[in-house]
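The values are calculated or read from the model by the stated rules, or taken from the named source; none is laboratory data. All figures in this text were calculated on a predicted structure; none of them were measured in a lab. As a convention, Cβ positions derive from the backbone with ideal geometry for all residues, glycine included, and neighbour counts pool all protein chains shown. The protein model used for the area step is the full one, side chains on, heavy atoms only, and it has no ligands, DNA or RNA in it. Shrake-Rupley method; radii C 1.70, N 1.55, O 1.52, S 1.80 Å.
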Amino acid sequence: MELRTLRYFVAVAEELHFGRAAARLHMSQPPLSRAIKQLETELGAVLFHRSSSGVALTPAGEVLLDEARTLLAGADRVRARVAAASGADVLTVGLLGDSTDPGVRQLAATCRLRRPQLEVRLRETDLSDPTCGLHRGLVDLALTRAPFDETGLAVRELRADPVGALLRSDDPPARRGRLRSSELADRRWFVFPAGTDSRWQAYWSGGERREGPVVRTVQECRQAVLWNGTVGMTLLDHRPPEGLTVVPLTDLPPSRVVVAWKEGDRNPLIRSFVRIALEVYRG
């Protein structure tokens, strides 16, 4: 069982769509499908239910997803430790969920210009881990969103983004110019898996305890709204796909983009990266 194949499996398991997973992996769909079939043959288990309505994990697939994430995280940690021991200028940076933020692209360009010898290794995580593995020592620092448990961490705000309610376009509240979260109190909202940071969950639930479908990715959030009329929060400037709309929420604080690292970590590469990030986002 190769790590590359496990990464393919995790992409399909998180996207629940072979086409989107292939795009995420920068490959075509046929070799991805063949790799998953080969993995199922190797393990002697069906990992996905495939039907005309989509793709779903089997119980065996759910088990493998947990194990694969652990194995891949361990492999990333080994590479980082070996690179550090060799004296290479390497930083492992965690990114949360949807990494299409233009600030990230600008930061990458500025880092290449200012620190051409720096190798940045990225670890993108789903929405159930707002610190992107920082608490578990899987990354050197994280470009993410608050709030979360900041115990033992240093955190600097880079930007604050207004938020809104993600609704189906034909949902009656979607016709409103703005909303308060209390106006959606009787609705089902998407929630994150058990064990997700309580501060993070509370923020994206509009400050209230909610019930609804469990999601891990931005795409799953959107699908929950599209298929089931679930309510969710999202960034006001995100362009939703056809059939969805975003209505401003007037009573909720903005979502804070932050850079975070282990408090007391004196790695000069981290300090340099943070300085550049502050300059890019605030400039």
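Here are a few things to note about the model shown:
- Residue list for the stretch 137-159, restricted to those being of a type in the set (Lys, Arg) and within 16 Å of the chain's Cα centre (by Cα): ARG145
- Boolean, GLU211 is acidic (Asp, Glu), at pLDDT 90 or above, more than 20 Å from the chain's Cα centre (by Cα) and open to solvent by 30 Å² or more (accessible area, probe 1.4 Å): yes
- Annotation note: Cβ proximity below 8 Å between a residue of the stretch 262-283 that is closer than 17 Å to ALA160 by Cβ and a residue that is charged (D, E, K, R) (sequence gap 6+ or interchain) occurs for ALA277/ARG156; LEU278/ARG156; TYR281/ARG159; ARG282/ARG159.
- Hey, PRO162 without any contact (Cβ under 8 Å) to a residue 24 or more places away in the chain, over 30 Å from GLY74 (Cβ atoms) and more than 12 Å from the chain's Cα centre (by Cα) or not: no
- Top-ranked residue in the stretch 25-83 [being at pLDDT below 85, part of a loop (DSSP other than H, G, I, E, B) and of a type in the set (A, V, I, L, M, F, W, C); ranked as surrounded by the fewest Cβ atoms within 10 Å (Cβ to Cβ)]: MET27
- Residues in the stretch 152-175 that are under 18 Å from VAL225 (Cβ atoms) and loosely packed, with under 14 Cβ neighbours inside 10 Å: SER169, ASP170, PRO172, ARG175.
- Of all the residues in the stretch 1-17, those that are of a type outside the set (Val, Ile, Thr) and either more than 26 Å from LEU122 (Cα to Cα) or surrounded by fewer than 19 Cβ atoms within 10 Å (Cβ to Cβ) (or both) number 7.
- Here VAL155 passes the criteria (1) assigned to a loop (DSSP other than H, G, I, E, B); (2) at pLDDT 95 or above; (3) β-branched (Val, Ile, Thr) except the one numbered (1).
- Every listed requirement among (1) buried (at least 19 other Cβ atoms within 10 Å of the Cβ); (2) within 18 Å of the chain's Cα centre (by Cα) is met by HIS238 save one, (1).
- Selection within the stretch 84-114: residues that are under 26 Å from VAL257 (Cα atoms), among the hydroxyl-bearing types (Ser, Thr, Tyr) and open to solvent by 20 Å² or more (accessible area, probe 1.4 Å). The member of this set that is modelled with the highest pLDDT is THR110.
- Of all residues in the stretch 218-229, exactly one satisfies the criterion of being of a type in the set (Val, Ile, Thr) and surrounded by fewer than 20 Cβ atoms within 10 Å (Cβ to Cβ), namely VAL218.
- Conditions (1) part of a loop (DSSP other than H, G, I, E, B); (2) in contact with a helix residue (DSSP H, G or I) (Cβ under 9 Å, 6 or more places away or on another chain); (3) modelled with pLDDT of 90 or more: number failed by LEU134: (2)
- Checking ASP149 against (1) open to solvent by less than 30 Å² (accessible area, probe 1.4 Å); (2) more than 27 Å from ARG24 (Cα to Cα); (3) part of a loop (DSSP other than H, G, I, E, B), the condition it does not meet: (1)
- Residues being exposed (fewer than 13 other Cβ atoms within 10 Å of the Cβ) and either touching a residue at least 24 places away in the same chain (Cβ under 8 Å) or closer than 20 Å to PRO254 by Cα (or both) - total across the stretch 187-197: 1
- THR250 within 23 Å of ALA142 (Cβ to Cβ) and β-branched (Val, Ile, Thr): no
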